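The values are calculated or read from the model by the stated rules, or taken from the named source; none is laboratory data. Just so we're clear, the structure is a prediction, and the values are computed from it rather than from any experiment. Glycine gets a Cβ as well: all are built from the backbone with ideal geometry, and neighbour counts include every protein chain shown. Calculation scope for accessible area: heavy atoms of the full protein, side chains included, ligands and nucleic acids excluded. Shrake-Rupley method; radii C 1.70, N 1.55, O 1.52, S 1.80 Å.
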Amino acid sequence: MTSQPIAHPDTPQAPTPEQIRRAPKVLLHDHLDGGLRPGTIVDLARESGYGNLPETDPDKLGIWFREAADSGSLERYLETFAHTCAVMQTREALVRVAAECAEDLAEDGVVYAEIRYAPEQHLEQGLTLEEVVEAVNEGFREGERRAKANGHRIRVGALLTAMRHAARALEIAELANRYRDLGVVGFDIAGAEAGFPPTRHLDAFEYLKRENNHFTIHAGEAFGLPSIWQALQWCGADRLGHGVRIIDDIQVADDGTVKLGRLASYVRDKRVPLEMCPSSNLQTGAATSYGEHPIGLLRKLRFRVTVNTDNRLMSGTSMSREFEHLADAFGYTLTDFEWFTVNALKSAFIPFDERLAMINDVVKPRYAELRAEWLFR
Ligand SMILES: O=c1[nH]cnc2c1ncn2[C@@H]1O[C@H](CO)[C@@H](O)[C@H]1O
Ligand SMILES: [Zn+2]
(Lines give C-alpha, C1' and ligand atoms only; values in the text may rest on other atoms or scores of the structure.)
(Ligands and ions follow the chains in the order given, each with its own letter.)
Protein backbone atom coordinates (compact mmCIF):
# COMPACT_ATOMS: atom_id res chain seq x y z
CA MET A 1 0.00 0.00 0.00
CA THR A 2 1.32 3.42 -0.85
CA SER A 3 0.53 6.22 1.50
CA GLN A 4 -1.22 8.89 -0.49
CA PRO A 5 -2.16 12.21 1.06
CA ILE A 6 -5.89 12.35 1.66
CA ALA A 7 -7.42 14.59 -0.98
CA HIS A 8 -9.70 17.27 0.35
CA PRO A 9 -12.93 16.90 -1.63
CA ASP A 10 -12.30 20.35 -2.98
CA THR A 11 -8.85 19.76 -4.42
CA PRO A 12 -9.57 18.01 -7.73
CA GLN A 13 -10.20 21.03 -9.90
CA ALA A 14 -11.75 24.43 -10.28
CA PRO A 15 -15.55 24.41 -10.49
CA THR A 16 -16.92 24.23 -14.01
CA PRO A 17 -19.19 27.04 -15.27
CA GLU A 18 -21.97 24.49 -15.22
CA GLN A 19 -21.38 23.67 -11.54
CA ILE A 20 -21.28 27.37 -10.74
CA ARG A 21 -24.62 27.81 -12.44
CA ARG A 22 -26.17 24.97 -10.46
CA ALA A 23 -24.70 26.17 -7.15
CA PRO A 24 -27.27 27.99 -5.00
CA LYS A 25 -26.52 31.71 -5.00
CA VAL A 26 -27.76 34.70 -3.03
CA LEU A 27 -27.92 38.22 -4.43
CA LEU A 28 -28.24 41.31 -2.22
CA HIS A 29 -27.39 44.10 -4.64
CA ASP A 30 -29.17 44.16 -7.99
CA HIS A 31 -31.13 47.04 -9.55
CA LEU A 32 -34.47 46.20 -11.16
CA ASP A 33 -33.98 48.98 -13.74
CA GLY A 34 -30.47 47.66 -14.46
CA GLY A 35 -31.50 44.11 -15.31
CA LEU A 36 -34.07 44.22 -18.09
CA ARG A 37 -33.87 41.82 -21.01
CA PRO A 38 -32.93 43.86 -24.11
CA GLY A 39 -35.84 42.29 -26.00
CA THR A 40 -38.25 43.46 -23.32
CA ILE A 41 -36.96 47.04 -23.55
CA VAL A 42 -37.59 46.96 -27.30
CA ASP A 43 -41.12 45.57 -26.80
CA LEU A 44 -42.02 48.05 -24.08
CA ALA A 45 -40.63 51.00 -26.06
CA ARG A 46 -42.74 50.00 -29.05
CA GLU A 47 -45.88 49.59 -26.94
CA SER A 48 -45.44 52.89 -25.12
CA GLY A 49 -44.23 54.93 -28.08
CA TYR A 50 -40.84 55.70 -26.50
CA GLY A 51 -38.76 56.76 -29.50
CA ASN A 52 -35.36 57.52 -27.97
CA LEU A 53 -33.83 54.05 -27.80
CA PRO A 54 -30.31 54.12 -29.30
CA GLU A 55 -30.94 50.72 -31.01
CA THR A 56 -34.08 48.74 -31.76
CA ASP A 57 -32.45 45.39 -32.41
CA PRO A 58 -32.26 43.54 -29.05
CA ASP A 59 -28.72 42.21 -29.59
CA LYS A 60 -27.40 45.59 -30.64
CA LEU A 61 -29.24 47.26 -27.77
CA GLY A 62 -27.63 44.89 -25.25
CA ILE A 63 -24.21 45.74 -26.65
CA TRP A 64 -25.04 49.45 -26.60
CA PHE A 65 -25.84 49.30 -22.86
CA ARG A 66 -22.63 47.50 -22.04
CA GLU A 67 -20.49 49.86 -24.09
CA ALA A 68 -22.20 53.03 -22.88
CA ALA A 69 -21.90 51.88 -19.26
CA ASP A 70 -18.22 51.08 -19.81
CA SER A 71 -17.46 54.75 -19.31
CA GLY A 72 -15.02 54.90 -16.42
CA SER A 73 -17.35 57.29 -14.58
CA LEU A 74 -20.33 56.59 -12.33
CA GLU A 75 -22.16 59.67 -13.61
CA ARG A 76 -21.97 58.54 -17.24
CA TYR A 77 -22.75 54.96 -16.29
CA LEU A 78 -25.96 56.20 -14.64
CA GLU A 79 -27.08 58.06 -17.78
CA THR A 80 -27.98 54.74 -19.40
CA PHE A 81 -30.80 54.25 -16.87
CA ALA A 82 -32.83 56.98 -18.60
CA HIS A 83 -33.79 54.40 -21.24
CA THR A 84 -34.76 51.61 -18.88
CA CYS A 85 -36.74 53.89 -16.58
CA ALA A 86 -38.50 55.40 -19.61
CA VAL A 87 -40.11 52.06 -20.45
CA MET A 88 -41.00 51.21 -16.82
CA GLN A 89 -43.84 53.68 -16.32
CA THR A 90 -46.98 51.52 -16.35
CA ARG A 91 -48.29 48.81 -14.08
CA GLU A 92 -48.06 46.21 -16.85
CA ALA A 93 -44.47 47.13 -17.71
CA LEU A 94 -43.38 46.94 -14.06
CA VAL A 95 -45.10 43.58 -13.53
CA ARG A 96 -43.42 42.18 -16.63
CA VAL A 97 -39.95 43.47 -15.78
CA ALA A 98 -40.16 42.22 -12.18
CA ALA A 99 -41.48 38.80 -13.20
CA GLU A 100 -38.72 38.36 -15.78
CA CYS A 101 -36.12 39.48 -13.24
CA ALA A 102 -37.17 36.73 -10.80
CA GLU A 103 -37.31 34.18 -13.63
CA ASP A 104 -33.85 35.07 -14.96
CA LEU A 105 -32.27 34.93 -11.52
CA ALA A 106 -33.89 31.58 -10.72
CA GLU A 107 -32.69 30.20 -14.04
CA ASP A 108 -29.17 31.24 -13.01
CA GLY A 109 -29.41 29.36 -9.71
CA VAL A 110 -30.17 32.31 -7.42
CA VAL A 111 -32.30 31.09 -4.49
CA TYR A 112 -32.72 34.35 -2.63
CA ALA A 113 -32.49 37.91 -4.00
CA GLU A 114 -33.07 41.44 -2.74
CA ILE A 115 -33.86 43.60 -5.74
CA ARG A 116 -33.82 47.38 -5.49
CA TYR A 117 -35.40 50.19 -7.48
CA ALA A 118 -36.40 53.81 -6.94
CA PRO A 119 -40.22 54.15 -6.92
CA GLU A 120 -39.88 57.91 -7.53
CA GLN A 121 -38.47 57.17 -11.00
CA HIS A 122 -41.64 55.42 -12.18
CA LEU A 123 -44.26 58.15 -11.75
CA GLU A 124 -44.05 59.83 -15.18
CA GLN A 125 -47.30 58.39 -16.47
CA GLY A 126 -49.41 58.89 -13.42
CA LEU A 127 -48.71 55.88 -11.20
CA THR A 128 -48.60 56.58 -7.47
CA LEU A 129 -45.71 55.40 -5.31
CA GLU A 130 -47.98 52.72 -3.84
CA GLU A 131 -49.05 51.51 -7.29
CA VAL A 132 -45.41 51.19 -8.31
CA VAL A 133 -44.56 49.08 -5.27
CA GLU A 134 -47.61 46.88 -5.71
CA ALA A 135 -46.92 46.29 -9.40
CA VAL A 136 -43.31 45.29 -8.74
CA ASN A 137 -44.39 42.98 -5.90
CA GLU A 138 -46.98 41.38 -8.15
CA GLY A 139 -44.29 40.79 -10.77
CA PHE A 140 -41.92 39.20 -8.28
CA ARG A 141 -44.66 36.82 -7.07
CA GLU A 142 -45.50 35.93 -10.67
CA GLY A 143 -41.80 35.32 -11.45
CA GLU A 144 -41.44 33.11 -8.36
CA ARG A 145 -44.43 31.06 -9.53
CA ARG A 146 -43.09 30.70 -13.08
CA ALA A 147 -39.67 29.71 -11.76
CA LYS A 148 -41.26 27.05 -9.57
CA ALA A 149 -43.17 25.68 -12.55
CA ASN A 150 -39.78 25.34 -14.28
CA GLY A 151 -38.25 23.47 -11.37
CA HIS A 152 -36.43 26.40 -9.74
CA ARG A 153 -36.94 27.80 -6.28
CA ILE A 154 -36.39 31.48 -5.63
CA ARG A 155 -37.53 34.05 -3.11
CA VAL A 156 -37.35 37.72 -3.96
CA GLY A 157 -37.61 40.69 -1.59
CA ALA A 158 -37.69 44.34 -2.66
CA LEU A 159 -35.50 47.18 -1.42
CA LEU A 160 -36.87 50.67 -2.02
CA THR A 161 -34.21 53.12 -3.15
CA ALA A 162 -34.27 56.89 -2.78
CA MET A 163 -32.15 58.91 -5.20
CA ARG A 164 -29.43 60.78 -3.35
CA HIS A 165 -29.62 63.94 -5.53
CA ALA A 166 -33.38 64.23 -4.89
CA ALA A 167 -35.26 65.13 -1.71
CA ARG A 168 -37.76 62.33 -1.25
CA ALA A 169 -35.79 59.99 0.99
CA LEU A 170 -38.04 60.32 4.04
CA GLU A 171 -41.14 59.72 1.92
CA ILE A 172 -39.58 56.60 0.37
CA ALA A 173 -38.41 55.38 3.77
CA GLU A 174 -41.99 55.70 5.03
CA LEU A 175 -43.17 53.80 1.97
CA ALA A 176 -40.67 51.01 2.69
CA ASN A 177 -41.95 50.85 6.24
CA ARG A 178 -45.58 50.71 5.16
CA TYR A 179 -44.86 47.78 2.82
CA ARG A 180 -42.73 45.94 5.32
CA ASP A 181 -43.81 42.28 5.52
CA LEU A 182 -45.67 42.92 2.26
CA GLY A 183 -42.78 42.21 -0.08
CA VAL A 184 -40.43 45.07 0.86
CA VAL A 185 -37.50 44.11 3.07
CA GLY A 186 -35.52 47.34 3.33
CA PHE A 187 -34.33 50.70 2.03
CA ASP A 188 -31.32 52.08 0.11
CA ILE A 189 -30.00 55.29 -1.38
CA ALA A 190 -28.33 55.36 -4.80
CA GLY A 191 -27.26 57.71 -7.58
CA ALA A 192 -24.20 59.93 -8.03
CA GLU A 193 -22.07 59.78 -4.89
CA ALA A 194 -19.66 62.72 -5.16
CA GLY A 195 -21.40 65.87 -3.92
CA PHE A 196 -24.34 63.97 -2.42
CA PRO A 197 -23.26 62.66 0.97
CA PRO A 198 -25.60 60.23 2.71
CA THR A 199 -26.05 62.67 5.63
CA ARG A 200 -28.34 64.72 3.34
CA HIS A 201 -30.90 62.03 4.10
CA LEU A 202 -30.36 61.64 7.81
CA ASP A 203 -34.05 62.14 8.57
CA ALA A 204 -34.90 59.04 6.52
CA PHE A 205 -32.30 56.88 8.25
CA GLU A 206 -33.25 58.08 11.71
CA TYR A 207 -36.88 57.36 10.95
CA LEU A 208 -36.06 53.79 9.85
CA LYS A 209 -33.96 53.18 12.92
CA ARG A 210 -36.82 54.30 15.15
CA GLU A 211 -39.00 51.82 13.25
CA ASN A 212 -36.45 49.00 13.74
CA ASN A 213 -36.21 48.71 9.96
CA HIS A 214 -33.21 47.83 7.77
CA PHE A 215 -31.23 49.83 5.21
CA THR A 216 -28.14 49.71 3.08
CA ILE A 217 -26.36 52.69 1.55
CA HIS A 218 -24.36 52.93 -1.69
CA ALA A 219 -21.03 54.20 -0.34
CA GLY A 220 -17.34 53.98 -1.12
CA GLU A 221 -17.87 53.38 -4.85
CA ALA A 222 -17.13 56.67 -6.61
CA PHE A 223 -16.09 58.47 -3.43
CA GLY A 224 -13.78 57.33 -0.68
CA LEU A 225 -13.58 56.75 3.04
CA PRO A 226 -15.56 59.81 4.20
CA SER A 227 -18.61 58.45 2.39
CA ILE A 228 -18.27 55.03 4.07
CA TRP A 229 -17.66 56.68 7.45
CA GLN A 230 -20.78 58.81 7.12
CA ALA A 231 -22.90 55.89 5.95
CA LEU A 232 -21.91 53.87 9.01
CA GLN A 233 -21.29 56.35 11.79
CA TRP A 234 -23.77 59.09 10.98
CA CYS A 235 -26.49 57.20 9.16
CA GLY A 236 -26.19 53.77 10.80
CA ALA A 237 -26.29 51.65 7.63
CA ASP A 238 -26.71 47.90 8.14
CA ARG A 239 -24.73 47.17 4.97
CA LEU A 240 -22.57 49.02 2.43
CA GLY A 241 -23.42 49.06 -1.26
CA HIS A 242 -19.99 48.42 -2.87
CA GLY A 243 -17.76 49.78 -0.08
CA VAL A 244 -14.70 48.98 -2.25
CA ARG A 245 -12.84 52.09 -1.13
CA ILE A 246 -12.47 50.62 2.36
CA ILE A 247 -9.27 49.34 0.80
CA ASP A 248 -7.88 52.91 1.22
CA ASP A 249 -7.82 52.27 4.98
CA ILE A 250 -5.76 49.06 4.68
CA GLN A 251 -1.99 49.04 4.30
CA VAL A 252 -0.10 46.04 3.03
CA ALA A 253 3.66 46.22 3.63
CA ASP A 254 6.24 44.68 1.28
CA ASP A 255 6.64 41.70 3.61
CA GLY A 256 2.90 41.07 3.42
CA THR A 257 2.03 42.44 6.88
CA VAL A 258 -1.40 44.03 6.88
CA LYS A 259 -2.44 47.03 8.96
CA LEU A 260 -6.07 48.09 9.21
CA GLY A 261 -6.99 51.69 9.99
CA ARG A 262 -9.75 52.50 12.48
CA LEU A 263 -12.57 52.51 9.94
CA ALA A 264 -11.48 49.28 8.21
CA SER A 265 -11.11 47.65 11.64
CA TYR A 266 -14.60 48.76 12.56
CA VAL A 267 -16.03 47.37 9.34
CA ARG A 268 -14.36 44.01 9.87
CA ASP A 269 -14.90 43.77 13.64
CA LYS A 270 -18.59 44.64 13.37
CA ARG A 271 -19.03 42.26 10.43
CA VAL A 272 -20.44 45.06 8.25
CA PRO A 273 -21.57 43.38 5.02
CA LEU A 274 -19.91 44.65 1.84
CA GLU A 275 -22.09 44.27 -1.25
CA MET A 276 -19.30 43.98 -3.80
CA CYS A 277 -20.05 44.16 -7.54
CA PRO A 278 -16.81 43.45 -9.44
CA SER A 279 -17.94 43.93 -13.06
CA SER A 280 -19.82 47.14 -12.29
CA ASN A 281 -16.73 48.51 -10.51
CA LEU A 282 -14.57 47.91 -13.58
CA GLN A 283 -17.03 49.88 -15.70
CA THR A 284 -17.32 52.89 -13.38
CA GLY A 285 -13.58 52.96 -12.72
CA ALA A 286 -13.89 51.95 -9.04
CA ALA A 287 -11.50 49.05 -9.78
CA THR A 288 -8.99 48.36 -12.56
CA SER A 289 -9.23 44.60 -13.20
CA TYR A 290 -10.78 41.49 -11.66
CA GLY A 291 -7.36 40.36 -10.44
CA GLU A 292 -6.72 43.72 -8.74
CA HIS A 293 -10.23 44.10 -7.36
CA PRO A 294 -10.13 44.70 -3.57
CA ILE A 295 -12.41 41.69 -3.10
CA GLY A 296 -9.32 39.42 -3.27
CA LEU A 297 -7.65 41.01 -0.24
CA LEU A 298 -10.91 41.61 1.64
CA ARG A 299 -11.88 37.96 1.27
CA LYS A 300 -8.45 36.90 2.52
CA LEU A 301 -8.80 39.21 5.52
CA ARG A 302 -12.24 37.75 6.15
CA PHE A 303 -14.30 40.89 5.89
CA ARG A 304 -18.02 40.09 5.52
CA VAL A 305 -17.78 40.12 1.70
CA THR A 306 -20.69 39.29 -0.61
CA VAL A 307 -20.68 39.04 -4.43
CA ASN A 308 -23.33 40.83 -6.48
CA THR A 309 -24.31 41.81 -10.00
CA ASP A 310 -25.41 45.47 -9.53
CA ASN A 311 -26.78 45.85 -13.08
CA ARG A 312 -26.96 42.70 -15.17
CA LEU A 313 -27.93 44.56 -18.34
CA MET A 314 -25.26 47.28 -18.16
CA SER A 315 -22.54 44.77 -17.23
CA GLY A 316 -23.76 41.88 -19.39
CA THR A 317 -23.47 39.73 -16.29
CA SER A 318 -25.19 37.31 -13.92
CA MET A 319 -24.33 35.87 -10.52
CA SER A 320 -22.73 32.89 -12.24
CA ARG A 321 -20.61 35.14 -14.42
CA GLU A 322 -19.43 37.16 -11.44
CA PHE A 323 -18.39 33.91 -9.74
CA GLU A 324 -16.65 32.75 -12.93
CA HIS A 325 -14.66 35.98 -13.17
CA LEU A 326 -13.57 35.53 -9.55
CA ALA A 327 -12.71 31.87 -10.08
CA ASP A 328 -10.47 32.92 -12.99
CA ALA A 329 -8.87 35.79 -11.12
CA PHE A 330 -8.35 34.22 -7.69
CA GLY A 331 -8.70 30.47 -8.18
CA TYR A 332 -11.78 30.35 -5.97
CA THR A 333 -13.39 26.96 -5.38
CA LEU A 334 -16.88 25.87 -4.41
CA THR A 335 -15.86 26.37 -0.79
CA ASP A 336 -15.18 30.06 -1.45
CA PHE A 337 -18.49 30.44 -3.27
CA GLU A 338 -20.31 28.76 -0.40
CA TRP A 339 -18.60 31.20 1.97
CA PHE A 340 -19.77 34.22 -0.09
CA THR A 341 -23.27 32.75 -0.22
CA VAL A 342 -23.47 32.11 3.51
CA ASN A 343 -22.14 35.65 4.10
CA ALA A 344 -24.93 37.02 1.92
CA LEU A 345 -27.60 35.09 3.80
CA LYS A 346 -26.20 36.19 7.15
CA SER A 347 -26.53 39.76 5.87
CA ALA A 348 -29.98 39.49 4.28
CA PHE A 349 -32.87 41.58 5.59
CA ILE A 350 -35.29 38.67 6.12
CA PRO A 351 -35.81 37.24 9.64
CA PHE A 352 -32.99 35.31 11.31
CA ASP A 353 -34.82 31.97 11.43
CA GLU A 354 -35.47 32.09 7.68
CA ARG A 355 -31.85 33.00 6.95
CA LEU A 356 -30.63 30.14 9.08
CA ALA A 357 -32.98 27.63 7.47
CA MET A 358 -31.88 28.82 4.03
CA ILE A 359 -28.22 28.35 5.01
CA ASN A 360 -28.65 24.94 6.63
CA ASP A 361 -31.38 23.38 4.51
CA VAL A 362 -30.69 24.84 1.07
CA VAL A 363 -27.18 26.22 0.69
CA LYS A 364 -24.97 23.84 2.67
CA PRO A 365 -26.51 20.57 1.43
CA ARG A 366 -26.33 21.67 -2.19
CA TYR A 367 -22.73 22.82 -1.99
CA ALA A 368 -21.82 19.55 -0.27
CA GLU A 369 -23.50 17.66 -3.10
CA LEU A 370 -21.64 19.69 -5.74
CA ARG A 371 -18.34 19.14 -3.95
CA ALA A 372 -18.97 15.39 -3.94
CA GLU A 373 -19.50 15.17 -7.69
CA TRP A 374 -15.83 14.43 -8.40
CA LEU A 375 -16.26 11.15 -6.51
CA PHE A 376 -18.68 9.85 -9.13
CA ARG A 377 -17.05 11.09 -12.31
O1 LIG B 1 -23.70 51.29 -8.85
C2 LIG B 1 -24.53 52.19 -8.69
N3 LIG B 1 -24.22 53.26 -7.90
C4 LIG B 1 -25.09 54.25 -7.65
N5 LIG B 1 -26.33 54.28 -8.17
C6 LIG B 1 -26.69 53.27 -8.98
C7 LIG B 1 -25.83 52.19 -9.27
N8 LIG B 1 -26.48 51.36 -10.12
C9 LIG B 1 -27.69 51.90 -10.32
N10 LIG B 1 -27.83 53.05 -9.65
C11 LIG B 1 -28.97 53.96 -9.62
O12 LIG B 1 -30.01 53.38 -8.84
C13 LIG B 1 -31.25 53.69 -9.44
C14 LIG B 1 -32.36 52.83 -8.89
O15 LIG B 1 -32.21 51.48 -9.19
C16 LIG B 1 -30.95 53.56 -10.91
O17 LIG B 1 -31.91 54.22 -11.72
C18 LIG B 1 -29.58 54.20 -11.01
O19 LIG B 1 -29.71 55.60 -11.19
ZN1 LIG C 1 -25.90 49.63 -7.11
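Numbers for the structure displayed
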{"read-out": "Förster radius 30 Å - calculated FRET efficiency between residue 165 and residue 269 (Cβ-Cβ, nearest 0.05)", "value": "0.40"}
{"read-out": "Per-pair calculated FRET efficiency, R0 = 56 Å: residue 253 and residue 52 via Cβ, rounded to 0.05", "value": "0.60"}
{"read-out": "Cα-based helix-to-principal-axis angle, 169-178 vs the chain, degrees rounded to 10", "value": "80 degrees"}
{"read-out": "Between helix 91-107 and the chain: long-axis angle, C-alpha atoms, 0 to 90°, nearest 10", "value": "10 degrees"}
{"read-out": "Amide H contacts under 5 Å for residue 272, placed H, 5+ residues apart", "value": "304"}
{"read-out": "Carbon + sulfur, % of accessible area of the chain - ligands and nucleic acids excluded, 1.4 Å", "value": "50 percent"}
{"read-out": "Antiparallel DSSP beta bridges within the chain, percent to nearest 5", "value": "10 percent"}
{"read-out": "Rounded, prolate or oblate (a/c below 1.5 giving rounded, otherwise prolate when a/b exceeds b/c) for region 67-114 by Cα gyration tensor", "value": "oblate"}
{"read-out": "Cross-link partners of residue 270 among aspartates and glutamates (Cα-Cα below 19 Å; sequence separation of 8 or more within a chain)", "value": "238, 248, 249"}
{"read-out": "Relative contact order (%) - region 1-149, alpha-carbon pairs under 8 angstrom, separation at least six", "value": "31 percent"}
{"read-out": "Heavy-atom surface of region 147-282, accessible at 1.4 Å and reported per residue (Å²)", "value": "43 Å²"}
{"read-out": "Spacing of the two label points (7 Å from each Cα toward its C-beta) at residue 233 and residue 125, in nm", "value": "4.7 nm"}
{"read-out": "Solvent-accessible heavy-atom area per residue, rounded to whole Å², over region 1-120 at 1.4 Å", "value": "44 Å²"}
{"read-out": "Karplus (6.51, -1.76, 1.60) ³J(HN,Hα), θ = phi - 60°, over region 283-289, in Hz, Gly and Pro reported as x", "value": "6, 8, x, 6, 8, 9, 7"}
{"read-out": "Expected 222 nm ellipticity per residue - DSSP helices of 4 or more, -39500 (n - 2.57), all of the chain, to 500", "value": "-13000 deg cm²/dmol"}
{"read-out": "On Cα atoms only, tilt of 129-149 relative to the major axis of the chain in degrees", "value": "40 degrees"}
{"read-out": "Amide H contacts under 5 Å for residue 287, placed H, 5+ residues apart", "value": "282"}
{"read-out": "Separation of alpha-carbon centers, region 164-203 and region 57-123, rounded to whole Å", "value": "19 Å"}
